[in-house]
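Note sheet for the following structure.
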């Protein structure tokens, strides 16, 4: 009998929950580094409900940002291929990034649960300052995962209190 997607995700989340913080770190890193459409915010929500939500948010933010840095490096490598043909255009975009303070734009994109692969690759192509890129992504992801993990922590606690389940 084939397994449904929901059952599969339930099994994956149960396995990762058993691995604890290490499983979260590995999953955060790989799902961000390898163009995998893995629902990391759902994992952060469920792990935030069962573990320390602050630590969950910090681990998810740090390792997913490190994974995104791989995509930045992919863009940086692709820059060499594109720069010969589009050198002037890339220079204009790089100047616009600095002029219009795209740090906050990168932060805003990282604050959403949507994939930021194109942004990471593009930042590498235009050779946006890596420290600024990393800080913007880390700050955005930290805020996102703090909200998600604490939502998991408090919503599960509220449900348990509502139906009077004791643990």
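Computed quantities for the displayed model
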| read-out | value |
| --- | --- |
| Stokes-Einstein D for segment 50-167, Kirkwood Rh over Cα pairs, 4 °C, 1.567 mPa s (µm²/s) | 82 |
| Potential lengthening between residue 156 and residue 7 on full extension [0.36 nm per residue; Cα-Cα distance subtracted] | 51.6 nm |
| Nearest-ten-degree value, helix 21-33 long axis tilted from longest Cα axis of the chain | 30 |
| Virtual spin-label span in nm between residue 34 and residue 18, 7 Å along Cα→Cβ | 1.9 |
| Relative contact order (%) - criterion: Cα under 8 Å, at least six apart; region: segment 5-162 | 34 |
| Angle in degrees between helix 53-99 and the longest Cα principal axis of the chain, rounded to the nearest 10 | 20 |
| Protection proxy ranking of 53-66, 128-141, 29-42, 93-106 - average other beta-carbon atoms within 10 Å, highest first | 53-66, 128-141, 29-42, 93-106 |
| Acute angle (nearest 10 degrees) that the helix 5-19 long axis makes with the longest principal axis of the chain, alpha-carbon atoms | 90 |
| Label point distance in nm, residue 87-residue 131, each placed 7 Å from Cα along Cα→Cβ | 2.8 |
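Bear in mind that the values in this text are calculations on the coordinates, not laboratory data. Computed from a predicted model, the values in this text were never measured in an experiment. For neighbour counting, all protein chains shown are included, and Cβ atoms are generated from backbone atoms with ideal geometry for every residue, glycine included.
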